[in-house]
Structures are given as structure tokens and as C-alpha cells.
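Trainee: Have a look at this one before I ask anything.
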Amino acid sequence: MTTDIWMIKIDTSNGGGVIGGIVLDPGNVTAGQDLEVRGQAGVPNVTILLHDAQGNPLNYRISLQDGSFRFEGLPFGTYRISYDIPGLHSPDVWVTLTHDNPERLQIPLVLEESITDVEEPAYEDLELYPNPAKENITITIPGEQSDYHIQIVDMQGRIVHAGSVRNHDGIMLIDVEQYSPGLYHINLVGENALYIGRFVKQE
């Protein structure tokens, strides 16, 4: 049984991000499959999937003869990388691209026969106010983690703000006065959690 995957078109005009890496099979778990086993070397002809932070499929690549793969022209933001091999479960590798760190080129995708106790970031709602907002919004930063990555996305899928934030006192103030009126989504990515919120910008 197969499932159709519908890719979401992404705007590549607001970022020159690059994600790259190599597919590895140190345990030779693909020995019984139609793949060339390379052991510690890279594995070719593996489908690599690129998703956004919400898990929506964006693009894919086939690993090259040396096992490498590369996604170019990506808007800055947070992505999930995984492999697609029947019978093998791939945990998501989370990768964040920013203006300060626009390229992540050494992402290892290690093929494993079974994965246990894999904790994917949980989705939780952000507390923010006022909503609607005209000038500023205040975000209550949850948890005790010190560093988070934040991105604000408009209804066209464009990232209008992205960067890192430190949790000093549990509060973050965002200036939205220059934003165009409309609905915006906020993603706050922590080590083991993804916080999601939305607000309306008024004139």
C-alpha cells in the first residue's frame, strides 16, 4: 500500500539556506533490500524527505553515489529531515537555518532497523497578547530551556522574522508595528517541544 505525498510549494526568495548531509548504514540494515550496502561509507539511491516544522512535505532528494544529499535555496526557518525506506523507521532530524547560520552541511542520516524511545517535539499552544495587536505582542515563553528559535510566518508562507531568543524572565516582546495587516503564525522551537501560536495584526 502506498500513500500519495503532496508537496507544498515554498518561497525561495527570502533565504539562501542549504541543508546537506550523508546517508550512513554502519549496521548493514539494508543488506536484504535493493540498496547497495556501503557499511561505514555513504549509501546511494535513498529517498531523503524535507518537511517544514509542522511536518508538511516540501521536497525530496535521492542520495548520490557517495551517499550525500543537498537541499538548496531554502528560506530561513526550521525543517525536518528523514529518509524513506520501506520497513525502516526514520526519526526526524530537526535543522534550523538562520541569517547567522544559513548552511548545515554535515547532517548524518543513520539507517537503523528499529528505533525506540524516540521523542519528537510535542506541539503546545503559545500564550501571547494582545490579540489582535497593533504595535507589539508579548509572548510567554514556556518551560525552563534557555535558548529557543522563533519564526513568524505570514499567510503566504513567507518568514517575516526568524532568530534565536534566550529565556531570561519568561517574557518576549515582539514589535509588529511594521507588519502588514493580516494573520500570522508563530513557531517557537525548543529542544524537545514546538510551541505554536497565531495573532492578527490590525491597522
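The values are calculated or read from the model by the stated rules, or taken from the named source; none is laboratory data. Note that the coordinates shown come from a computational prediction; the quantities given were computed from them, not determined experimentally. Please note: Cβ atoms are built from the backbone with ideal geometry, for glycine as well, and neighbour counts cover all protein chains shown.
Trainee: Of all residues in region 75-117, which are assigned to a loop (DSSP other than H, G, I, E, B), assigned by TED's automatic domain parsing to the domain that holds Pro26 and of a type in the set (Val, Ile, Thr)?
Mentor: Ile85, Thr98
Trainee: Considering (1) touching a Phe, Trp or Tyr at 6+ places or on another chain (Cβ under 8 Å); (2) at pLDDT 85 or above; (3) surrounded by fewer than 20 Cβ atoms within 10 Å (Cβ to Cβ), say which one Tyr184 fails and leave the rest.
Mentor: Against the list (1) touching a Phe, Trp or Tyr at 6+ places or on another chain (Cβ under 8 Å); (2) at pLDDT 85 or above; (3) surrounded by fewer than 20 Cβ atoms within 10 Å (Cβ to Cβ), Tyr184 comes up short only on (3).
Trainee: Quick one: how many residues across region 53-74 are modelled with pLDDT of 90 or more, part of a strand (DSSP E or B), of a type outside the set (A, V, I, L, M) and in contact with a Leu (Cβ under 9 Å, 6 or more places away or on another chain)?
Mentor: 6
Trainee: Follow-up. Check off (1) at pLDDT below 80; (2) in contact with a Pro (Cβ under 6 Å, 6 or more places away or on another chain); (3) surrounded by 16 or more Cβ atoms within 10 Å (Cβ to Cβ) for Lys201 and give me the number that stays unchecked.
Mentor: Failing condition for Lys201: (1).
Trainee: While we're here: Report yes if Tyr179 is of a type in the set (Ser, Thr, Tyr), at pLDDT 80 or above and closer than 20 Å to Gly55 by Cβ, otherwise no.
Mentor: On the way: of a type in the set (Ser, Thr, Tyr): yes; at pLDDT 80 or above: yes; closer than 20 Å to Gly55 by Cβ: no.
So Tyr179 fails the test.
Trainee: Gly197 - would you say it is closer than 12 Å to Pro132 by Cα and in the same structural domain as Thr138 (by TED's automatic domain parsing)? Reasoning before the result, please.
Mentor: Details: closer than 12 Å to Pro132 by Cα: no; in the same structural domain as Thr138 (by TED's automatic domain parsing): yes.
No; evaluated as a whole, the condition is false for this residue.
Trainee: Oh, and also: Out of all the residues in region 107-132, which are closer than 21 Å to Asn28 by Cα and modelled with pLDDT of 80 or more?
Mentor: Result: Ile107, Pro108, Leu109, Val110, Leu111.
Trainee: So, in region 166-190, how many residues would count as being in a loop (DSSP other than H, G, I, E, B) and in contact (Cβ under 8 Å) with a residue 60 or more places away in the chain?
Mentor: Summing the residues that are in a loop (DSSP other than H, G, I, E, B) and in contact (Cβ under 8 Å) with a residue 60 or more places away in the chain in region 166-190 gives 1.
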